[in-house]
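The values are calculated or read from the model by the stated rules, or taken from the named source; none is laboratory data. Quantities reported herein were computed from a predicted structural model and do not represent experimental measurements. Reconstructed Cβ throughout: ideal geometry from the backbone, glycine too, with neighbour counts over all protein chains shown.
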Amino acid sequence: MLLFNNDLLPIAALPLPNRGLAFGDGFFETLIFSEGRLRLVSDHHARMAQAAAALYLTLPAPLATPETLETTLAQLAMANALPAARLRLQLWRAGGGRYTPPTDAVEWLATAEPFAADDTPIRQADFALDTYSIPSPLSFCKGPQGWLYVRAAHERQRRGLDEIILCDAAGHVAEAGAAAIFWAKQGVLFTPALASGCVAGVRRAQVLRAAREAGVECQEGLFQRAELLAADAVFTANAAAVRVVQRLGSTVFATPPPALLSLARVGNSPT
């Protein structure tokens, strides 16, 4: 089952013209449903609201608040009899037209698939050779630069890597292929600033929030590759999982302290 404009259906025919298809005029969210709740729903909704504002869109009533977002998507997971689900919510501007938007109204589609967390270590990662992050007014949200991550994933697969790390054109570390990247050095937690072109990940926000509340010094900034390679320990984090990076190129890292990994995984449970 899927949700198309809040109608629960076994299949949906998307009307044309479709501005999401024609212009990429929209964005998406990937959310995890487990134990009857949406993980990090407030962070997801905050990013959705920011993306909608940046694209001059109005979120529809079923998605307009964290509470309605959770209620709306929970029914999809339950309709598919999935106790744990990965939900994809795609939003695009309604109507036709050319570049000038005819409306701020939104159409949307939500789909569900089974979810199983993968916290296995990343044995081999390396820096991307063919793809760079591109800072822009929309690089914080998911969708407008999706092609970039498809290219990165293709390169990762072609090179036989477990993960790939993106940098911007100036060589600043940005993010992993589908996750935020963090590293620890002498008790300080580092992660790239959004100015690097990385996505404003909901797990990224949660890790920083939990670490700061625990008194861990956190630094967000524009860091060169050498600073990441000099780290004591490295991990990636997204809405689905937190994974330890064991090796980046020829550099081998230690395992992050258990206390730090516990902080990073705060929010894996919806409670």
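Does residue 184 satisfy being in a strand (DSSP E or B), out of contact with any Ser or Thr (no Cβ under 8 Å at 6 or more places or on another chain) and crowded, with 19+ Cβ neighbours inside 10 Å? For residue 184, the condition - in a strand (DSSP E or B), out of contact with any Ser or Thr (no Cβ under 8 Å at 6 or more places or on another chain) and crowded, with 19+ Cβ neighbours inside 10 Å - is met. Among the helices (runs of 4 or more DSSP H) confined to the stretch 1-100, the ones with at least 1 residues that are modelled with pLDDT of 95 or more are located at 41-54, 66-79. Hey, does the stretch 130-137 have a residue that's surrounded by fewer than 21 Cβ atoms within 10 Å (Cβ to Cβ), outside any helix (DSSP H, G or I) and of a type in the set (Phe, Trp, Tyr)? Yes, the stretch 130-137 contains a residue that is surrounded by fewer than 21 Cβ atoms within 10 Å (Cβ to Cβ), outside any helix (DSSP H, G or I) and of a type in the set (Phe, Trp, Tyr). The one condition from (1) touching a strand residue (DSSP E or B) at 6+ places or on another chain (Cβ under 8 Å); (2) surrounded by fewer than 24 Cβ atoms within 10 Å (Cβ to Cβ); (3) farther than 12 Å from residue 135 by Cα that residue 165 does not meet is (2). Given the condition buried (at least 21 other Cβ atoms within 10 Å of the Cβ), of a type outside the set (Lys, Arg) and either more than 23 Å from residue 254 (Cβ to Cβ) or not assigned by TED's automatic domain parsing to the domain that holds residue 257 (or both), answer yes or no: does some residue in the stretch 202-219 qualify? Yes: the stretch 202-219 contains one or more residues that are buried (at least 21 other Cβ atoms within 10 Å of the Cβ), of a type outside the set (Lys, Arg) and either more than 23 Å from residue 254 (Cβ to Cβ) or not assigned by TED's automatic domain parsing to the domain that holds residue 257 (or both).
A Cβ distance below 8 Å, combined with a sequence gap of six or more or placement on separate chains, defines the contacts here; from the stretch 138-152, residues that are assigned by TED's automatic domain parsing to the domain that holds residue 56 and closer than 14 Å to residue 53 by Cβ reach no residue that is at pLDDT 95 or above and part of a loop (DSSP other than H, G, I, E, B). Once the stretch 226-239 is narrowed to residues that are farther than 15 Å from residue 255 by Cα and out of contact with any strand residue (DSSP E or B) (no Cβ under 6 Å at 6 or more places or on another chain), the residue that is surrounded by the fewest Cβ atoms within 10 Å (Cβ to Cβ) is 226.
Of all the residues in the stretch 219-271, those that are among the aromatic types (Phe, Trp, Tyr) and either in contact with a Ser or Thr (Cβ under 8 Å, 6 or more places away or on another chain) or farther than 30 Å from residue 115 by Cβ (or both) number 1.
Out of 77, 64, 51, one residue alone is in contact with a Cys (Cβ under 6 Å, 6 or more places away or on another chain), assigned by TED's automatic domain parsing to the domain that holds residue 106 and surrounded by 15 or more Cβ atoms within 10 Å (Cβ to Cβ). It is 51.
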